[in-house]
1. Give the residue that is modelled with the highest pLDDT, with candidates limited to residues of the stretch 79-108 that are open to solvent by 80 Å² or more (accessible area, probe 1.4 Å) and in a loop (DSSP other than H, G, I, E, B).
2. Tally time: how many residues in the stretch 48-64 are closer than 25 Å to Glu81 by Cβ and surrounded by fewer than 10 Cβ atoms within 10 Å (Cβ to Cβ)?
3. Is it true that some residue in the stretch 123-145 is open to solvent by 20 Å² or more (accessible area, probe 1.4 Å), aliphatic (A, V, I, L, M) and in a loop (DSSP other than H, G, I, E, B)?
4. Among the residues of the stretch 8-37, write down those that are open to solvent by less than 30 Å² (accessible area, probe 1.4 Å) and of a type in the set (A, V, I, L, M, F, W, C).
5. Taking the residues in the stretch 66-78 that are under 24 Å from the mean Cα position of the chain (by Cα) and exposed (fewer than 10 other Cβ atoms within 10 Å of the Cβ) as candidates, determine which candidate is farthest from Asp43 (Cα to Cα).
6. Output the number of residues of the stretch 29-78 satisfying the condition of being closer than 30 Å to Gly8 by Cβ and either part of a strand (DSSP E or B) or hydrophobic (A, V, I, L, M, F, W, C) (or both).
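The values are calculated or read from the model by the stated rules, or taken from the named source; none is laboratory data. Predicted model only: the values in this text are computed from it and were never measured. Here the Cβ positions follow ideal geometry from the backbone for every residue, glycine too, while neighbour counts run over all protein chains shown. These area figures cover heavy atoms from the full protein model, side chains too; ligands, DNA and RNA do not enter into them. Shrake-Rupley method; radii C 1.70, N 1.55, O 1.52, S 1.80 Å.
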Amino acid sequence: MNVFGFAGWSGSGKTTLVEKLIPVFTARGLRVSVIKHAHHGFDLDKPGKDSWRHREAGATQVLMLSNDRWVLMHELRGAPEPTLEDQLRLLEPCDLVLIEGYKAAAVPKIEIHRRSHGKPPLWPENPHVVAVATDAGDAAELDCPLPCLPLNEPGAVADFILDYLKTR
């Protein structure tokens, strides 16, 4: 599987870019999966629902399924967070896995950077950032030796990713 990541500060537009890239890749005939790493807690379940009650009772795993989808929820119950490699092994084979988060993971990634957020860029300290996607006006002022991609042009970002993966 080809793996490509996206990193950036909270609110920079990582999720929006990934959301726009998925249909571009699928229109080109690729099967795409996504791994989203959250630094904060989250819950897909709702208090009072059967699956929530099963987890609250102490189940480590609860698998829910219907005619449309299935989901496996796994409670760590104090165990360490699985690595990215562990998570990749859980996925079915596909053409491309897009990773949102996992800033330090040793996978090529695009940094989403908006100067208006006032946060420093990640690329100077992160050797896995291979390009920066940014607003048009920010690219000229970024003084970045890496390719600067137009954040609002998912087709151009997709082209870069596919070209990069072919040349690796």
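1. Across the stretch 79-108, the extreme among qualifying residues is Ala106.
2. So the count comes out to 2.
3. no
4. If the condition is that a residue be open to solvent by less than 30 Å² (accessible area, probe 1.4 Å) and of a type in the set (A, V, I, L, M, F, W, C), then Leu17, Val18, Leu21, Phe25, Ile35 are the ones that fit.
5. Filtering first and then ranking leaves Asp68.
6. Counting residues in the stretch 29-78 that are closer than 30 Å to Gly8 by Cβ and either part of a strand (DSSP E or B) or hydrophobic (A, V, I, L, M, F, W, C) (or both) gives 14.
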